[in-house]
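Report on one structure; see the data block that follows.
Values in this text are rule-based calculations from the coordinates and carry no lab data. In this text the structure is predicted, and so the values were computed from the model without any measurement. Here the Cβ is made from the backbone with ideal geometry for all residues, glycine too, and neighbour counts use every protein chain on show.
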Amino acid sequence: MASLKDLRRRIRATKSMQQIFKAMEMVAAAKLRRAQQRAQAASPYAAKISAMLANLSESAAELEHPLFKAREVKVTALVVITADRGFAGAYNTTLLRVAEQRLRTATPGSITCVVVGRKGRDYLRRRHYPILAAHTELPGEASLELARRITNDLTERFIAGEVDRVEILYTHFVNAIVRRVTQETFLPIGADAVKQEGAGGGSAIFEPNAESIFEELLPRYATAKLYAAMADALASEHSARMVAMGSARKNAGELVDGLTLQRNRLRQAMITREISELVAGAEALK
């Protein structure tokens, strides 16, 4: 049985941990608000550029751009967006289990990974899965520059024929409690990306020509899509960390209550024993 001194030490240590968990929960909540605002701010731009692409693609149906070209899929690049840090509950684990299941069921060599985040890189590397590229040391907020750099790398590999298809696997932010693992096709840009209900068509005039317009528009569209996914994933990460730290804080509080009760019972038992010894000694002196 633990001594009174041990219980007091454990109570002090647990209270210190509880304060740390509370601070981390508050920091995660503040970061979540900023990340959620960024994710929401990215949505109108992504929707507008998608509508523009839908409109222009109908006016240039005969145009064959390399990013539109679908071919026989031999090698798929799976972009796995994870976090650099832990303390986020099951955020990284859930996503990586989905990625690992996809890798296990695929034909060997048919899927290679492009990993965003140190947790994903370390997990896949330990299990010897193929990693085409890894992007770690992520900034604290969603970075358009990082999204542009990854997009340029992926489009170059796709155009060169190194990969035949690019998919994004990330955690979609629904609210502070609910998150969903989502998989989307990134390249080639398919009909679902360029055709929207109600989009106008056939009336656009290209100046100087359609090729130069799409040469500028398609990379912007791809960058906007990847940036939106990364902003969504970052909001999911902060919400998962906030929930995890809140649960840890509550568990630490319950542990402190249990240890305090145990300490009080031990103190009461010691006081009762001392009183009994005093009474017995007094009786013996009579």
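Here are some conditions: (1) surrounded by fewer than 17 Cβ atoms within 10 Å (Cβ to Cβ); (2) in contact with an Asp or Glu (Cβ under 7 Å, 6 or more places away or on another chain); (3) more than 19 Å from residue 84 (Cβ to Cβ). Residue 178 meets all but one. Which one does it not meet?
Checking residue 178 against (1) surrounded by fewer than 17 Cβ atoms within 10 Å (Cβ to Cβ); (2) in contact with an Asp or Glu (Cβ under 7 Å, 6 or more places away or on another chain); (3) more than 19 Å from residue 84 (Cβ to Cβ), the one that fails is (2).
Which one is farthest from residue 170 (Cα to Cα), of the residues in the range 99-120 that are of a type in the set (S, T, N, Q) and assigned to a helix (DSSP H, G or I)?
Selected residue: 105.
Report, by residue number, each residue of the range 73-125 that is surrounded by 20 or more Cβ atoms within 10 Å (Cβ to Cβ) and of a type in the set (Phe, Trp, Tyr).
Result: 91, 123.
With 269, 224 as the choices, which residue is crowded, with 19+ Cβ neighbours inside 10 Å and assigned to a helix (DSSP H, G or I)?
Exactly one of 269, 224 is crowded, with 19+ Cβ neighbours inside 10 Å and assigned to a helix (DSSP H, G or I), namely 224.
In this structure, is residue 40 out of contact with any Lys or Arg (no Cβ under 7 Å at 6 or more places or on another chain), within 14 Å of residue 242 (Cα to Cα) and assigned to a helix (DSSP H, G or I)?
no
In the range 126-172, how many residues are assigned to a loop (DSSP other than H, G, I, E, B), in contact with a Lys or Arg (Cβ under 7 Å, 6 or more places away or on another chain) and surrounded by fewer than 18 Cβ atoms within 10 Å (Cβ to Cβ)?
Of the residues in the range 126-172, 2 are assigned to a loop (DSSP other than H, G, I, E, B), in contact with a Lys or Arg (Cβ under 7 Å, 6 or more places away or on another chain) and surrounded by fewer than 18 Cβ atoms within 10 Å (Cβ to Cβ).
Can you report the number of residues in the range 107-135 which are on the phi < 0 side of the Ramachandran plot, in contact with a strand residue (DSSP E or B) (Cβ under 8 Å, 6 or more places away or on another chain) and touching a residue at least 12 places away in the same chain (Cβ under 8 Å)?
17
Hey, could you check the range 245-257 for residues that are touching a helix residue (DSSP H, G or I) at 6+ places or on another chain (Cβ under 8 Å) and surrounded by fewer than 23 Cβ atoms within 10 Å (Cβ to Cβ) and say which is nearest to residue 25 (Cα to Cα)?
Taking the candidates together, the pick is 246.
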